[in-house]
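**Student:** I am attaching a structure below and will ask some questions about it afterwards.
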Amino acid sequence: MKRTPVLGALALGMSLALLGACSSGGDAESNDDSTGGGETTITWWHNSNTGDGKDYYDQVAKDFEAENPGVHVEVSAMQHEDMVTKLEAAFQSGDTPDIYMERGGGELKDHVAAGITKDISESAKETIDKIGGSVAGWQVDGKTYGLPFSVGVVGFWYNKALWAQAGITEPPATWDDFFADIDKLKAAGIEPISVGAGDKWPAAHYWYYTAVRECAESVLQESVKTLDFSDPCFVKAGDDLKKIIDSEPFNSGFLSTPAQTGATSASGLLATGKVATELQGHWEPGVMQGLTEDGKGLGENTGWFPFPTFTGGKGEPTAALGGGDAWAVSNDAPDAAVDFVNYLLSDKVQKGFAELDMGLPTNPTASQYVSDPALADLLKVRDAAPYVQLYFDTAFGASVGGAMNDEIALMFAGQASSQDIVDATQAAADAEK
Amino acid sequence: MIDVADEANAPVGASASPATSTLVEVAGRAHARPAAPASGGRRGMGPAVRKRLEILFFTAPALLLFLFFVVWPIIKAVQFSVYRWKGYGPLVDFVGFKNYISVLNNDVFIDAFKHNIIIAIFSILIQLPLGLAIALLLNRKMKGQNQLRTLIFVPYVLAEVIASVIWFQLLQPKYGVIDTMLSTVGLHGPAQGFLGDPKWALATVIVVLTWKYLGLAIILFLAGLQTVPEELYEAAQIDGASWWQVQRRITIPLLGPTIRTWAFLSMIGSLQLFDMVWILTGGGPANATNTMATFLITEGTKRSNYGIASAASVILFVVSLVAALLYQRFILSRDVLSDARGRKNR
């Protein structure tokens, strides 16, 4: 009997070895920062995983390697959702890629607090000055942690043919005009607006925008910092939204409609001519192209107009709601990684980025190269806006943003008041403090 | 209504599986036993030692997997649940039971719990009589019996995700197949669609769940029916019992153990329900179809409140465990005991 434990341990050891053999496959893609002999390897994750965009980024990495001997850029191009999931896991395991995409706001704040993201205020000073105001969404306590390479704005995308069919010649500037247009569209038997309230954030964009129209810039800036929503303009924003919902402009089943997956999603309904309008971000044309069989989306019928104003609102009428993506550097990345993000924002790289219509470039020298007319229009609106308010859910962070989006979605279902939205947001914010 | 374990409910699945496996073992072993005592080792080791080693060797991999993927996550979940944690960085912000209090005070979670209970009750109330009736019918000798049996089992074989996506498309308002069919006969579904109207959504989910899991109930009942001894039917026939009497007095009582096991599986599956709801409604509209599992996934992955999500998962685990233990103690125990007694008498 004495030998049993030894043999038992042996048996255990053998099965451990078996388990080890099973799991070793996963360890293969470790990302070492450096591989001795003066060579530096930096890892870069991005989400342009198809077509020209992928080729372009591969070329960018090669060019950078040529200009910086001894530096090797390991590029991982991933589908967007995959990348987000993998990033989340990377943050948790502490195995963050050297250069990754950062959406800014509260999310970034959490990353900074957890020591994941590197402060590049000094090392990227020149680039930051060049980009200007857009960088604000990637600053925490006055320090910069990310360089936005594409910042877009949200607005109403519409089907010009359907609007003309309803006898409307000009997009509305105020909500009173818009309400009249909604009635005209309905009278013509066309569903006026689709909204993916099933995914919540597309519905929440309405409240964000009514808040941008009702609240002064200083109030919004302050509330992002202090998470204090006591200003009455936030309740007014809810009242405005209530008016919009009460005009019943939305597609049937909007409470369970997804944002942009499949032909029956909000974007799909717009792309296939089933509804006339949708409030959505700058990526909408690309999404619609993916949702139509001919790959053209609405094509020539694509129209865009900014979120109309309310009479008496304290917000800037040309201010925009938007957001974007920035390159951020992880805390333990080598200096070459910072050089690389500077390079990514250089005139040369942003020009190519603009020429391929990969987004709305933030480097002002690149703006002129955007060829897609819809994107070029958006770019003008963005650059004319006194400020671009980062999506609130991003700005406030997942926890507060999630609670806020849920409550806004409840208002769409007729189960929350203007005050409820403010209260729920404040409660979630207080739980953070 | 078995929920095939996914990450969200894996810990709870563990609590359920020992219970079910004992049942299976008890049934299966009765015949296997006589062959089990193998001849002892010839190379000096005592047969007892050798047998222990054998057991250890063969169970160690499974035990290790169990420890790594079931016990360890449970321990970690309990640990996370007493911290406020965003999902990364070290655990520093100890909050004690605050997460539990906030979950239990959250109307959305309480509603989610109620939805779980409603789904569990209606799954059994609908699927039991329906499944039993169909199983009894399919048990009669008839043409195409096998084809019918296969057909009825198809929904269960479909992956839950795929079935959900199909139903999601069928149930689309205005453009979906179901709405189109209804309108051709002059009927109208709810204006917001079956999944978009808070009043209809939960009922719709239950209908889809019934469609999906009825096949399992039927196949289990059919299997149970095969164990009813033919002699009893013959005896009843000689006594002049009608078909209906035979079913009521002989078949259904002898099907008892099968029904009780199925109800157990159905109940645990209902408590852990996630995939179907997640794809059909995402817990909406207006939280009308949230379950405990969708609640904790939303809190965790969407809002990064991993502490609260862990607290919710521990509560879900405890609820399932208590339900499983109570069920075993008061309802399943009869079956297990009677079987053990039967074995002793043999």
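**Student:** Would you order B:Trp244, B:Trp278 from fewest to most other beta-carbon atoms within 10 Å of each residue's own beta-carbon?
**Tutor:** Lowest count first: B:Trp244, B:Trp278.
**Student:** Nearest 20 debye, what's the magnitude of the dipole of the range B:188-346 about its Cα centre given +1 on Lys and Arg Cβ and -1 on Asp and Glu Cβ?
**Tutor:** Here the range B:188-346 has a charge dipole of around 440 debye.
**Student:** Let me ask another. On average, how many beta carbons from a partner chain sit within 10 Å of the beta carbon of a residue in B:196-207?
**Tutor:** Averaged over the peptide's residues, the number is 2.
**Student:** Calculate the dipole size of the range A:308-386 relative to its Cα centre from +1 charges on Lys and Arg beta carbons and -1 charges on Asp and Glu beta carbons; express the result in debye to the nearest 20. Please report the intermediate quantities before stating the final value.
**Tutor:** Values: 5 positive and 11 negative charges, 67 e Å.
The dipole magnitude comes to about 320 debye.
**Student:** In addition: Going by how many other beta carbons lie within 10 Å of each one, how would you line up B:Glu160, A:Glu122, fewest first?
**Tutor:** In increasing order of surrounding Cβ atoms, one gets A:Glu122, B:Glu160.
**Student:** Of A:Phe310, B:Phe80, A:Gly196, which is farthest along the charge dipole of the protein assembly as shown in the positive direction, counting Lys and Arg as +1 and Asp and Glu as -1 at C-beta?
**Tutor:** Checked the options; the winner is B:Phe80.
**Student:** Next up: Tilt of helix A:80-93 relative to the longest C-alpha principal axis of chain A, in degrees (0 to 90, nearest 10)?
**Tutor:** It is inclined by approximately 50 degrees.
**Student:** Moving on. Express in whole angstrom the spacing between the alpha-carbon centres of the range A:358-394 and the range A:209-270.
**Tutor:** Between the Cα centres of the range A:358-394 and the range A:209-270 lies a distance of 21 Å.
**Student:** For chain A, set up a Gaussian network in which alpha carbons nearer than 10 Å are linked by springs, and say which option among A:Asp82, A:Asp95, A:Asp393 fluctuates the most.
**Tutor:** Taking springs between Cα atoms under 10 Å, the residue moving most is A:Asp82.
**Student:** Tell me whether chain A comes out rounded, prolate or oblate; compute the Cα gyration tensor, take square roots of the eigenvalues as a ≥ b ≥ c, and use a/c under 1.5 as the rounded threshold. Walk me through the intermediate numbers first.
**Tutor:** Values: a/c = 1.77, a/b = 1.54, b/c = 1.15.
The shape class here is prolate.
**Student:** Placing +1 on the Cβ of each Lys and Arg and -1 on the Cβ of each Asp and Glu in the range B:79-345, which of B:Gly144, B:Met276, B:Ser242 has its Cα farthest towards the positive end of the resulting dipole?
**Tutor:** So the residue we want is B:Ser242.
**Student:** Hey, got the average number of other protein chain Cβ atoms within 10 angstrom for residues in A:248-260?
**Tutor:** Other-chain Cβ atoms within 10 Å of each residue's Cβ, averaged: 6.
**Student:** Can you give me the angle between helix A:335-344 and the longest principal axis of chain A, using Cα atoms only, in degrees from 0 to 90, rounded to the nearest 10?
**Tutor:** Approximately 30 degrees, to the nearest 10.
**Student:** Here's another thing I want to ask about it. Starting with the highest mean, order B:210-219, B:147-156, A:278-287, A:228-237 by the number of other Cβ atoms within 10 Å, averaged over the residues of each peptide.
**Tutor:** A:278-287, B:210-219, A:228-237, B:147-156
**Student:** How do A:256-269, B:125-138 rank on mean C-beta neighbours within 10 Å, highest first?
**Tutor:** A:256-269, B:125-138
**Student:** What average count of beta carbons from other chains do you get within 10 Å of the Cβ of residues in A:413-421?
**Tutor:** Other-chain Cβ atoms within 10 Å of each residue's Cβ, averaged: 2.
**Student:** So what's the back-of-envelope 222 nm ellipticity for the protein assembly as shown, counting only DSSP H runs of four-plus at -39500 (n - 2.57) apiece and dividing by all residues, rounded to 500?
**Tutor:** That comes out to -17500 deg cm²/dmol.
**Student:** Is the shape of the range B:79-345 rounded, prolate or oblate, going by the alpha carbon gyration tensor and its root eigenvalues a ≥ b ≥ c, with a/c under 1.5 for rounded and a/b larger than b/c for prolate?
**Tutor:** It comes out oblate by the Cα gyration axes.
**Student:** So, one more: Between rounded, prolate and oblate, where does the range A:86-231 land on the alpha carbon gyration tensor, with a ≥ b ≥ c its root eigenvalues, rounded for a/c under 1.5, else prolate if a/b exceeds b/c?
**Tutor:** Prolate shape, in that a/c is at least 1.5 and a/b is the bigger ratio.
**Student:** Might you report the magnitude of the Cβ-based charge dipole of the protein assembly as shown about its Cα centre, with Lys and Arg at +1 and Asp and Glu at -1, to the nearest 20 debye?
**Tutor:** 5380
**Student:** How far apart, in nm, are the 7 Å Cα→Cβ label points at A:Ala431 and B:Leu187?
**Tutor:** 4.1
**Student:** Highest mean first, what order results for B:266-277, A:346-357 on Cβ atoms within 10 Å?
**Tutor:** Ranking, from highest mean packing down: B:266-277, A:346-357.
**Student:** Mind checking the angle between helix A:51-67 and chain A's longest principal axis? C-alpha axes, 0 to 90 degrees, to the nearest 10.
**Tutor:** Compared with the principal axis, the helix lies near 50 degrees.
**Student:** Taking other Cβ within 10 Å of each residue's Cβ, how do B:Tyr88, B:Tyr175 sort, fewest first?
**Tutor:** Fewest to most other Cβ atoms nearby, the residues stand as B:Tyr175, B:Tyr88.
Bear in mind these aren't lab numbers, they're just calculated from the coordinates by the rules spelled out. All of these numbers come straight from a predicted model, not from anything done at the bench. Cβ coordinates were reconstructed from backbone atoms using ideal geometry, including for glycine residues, and neighbour counts include every protein chain displayed.
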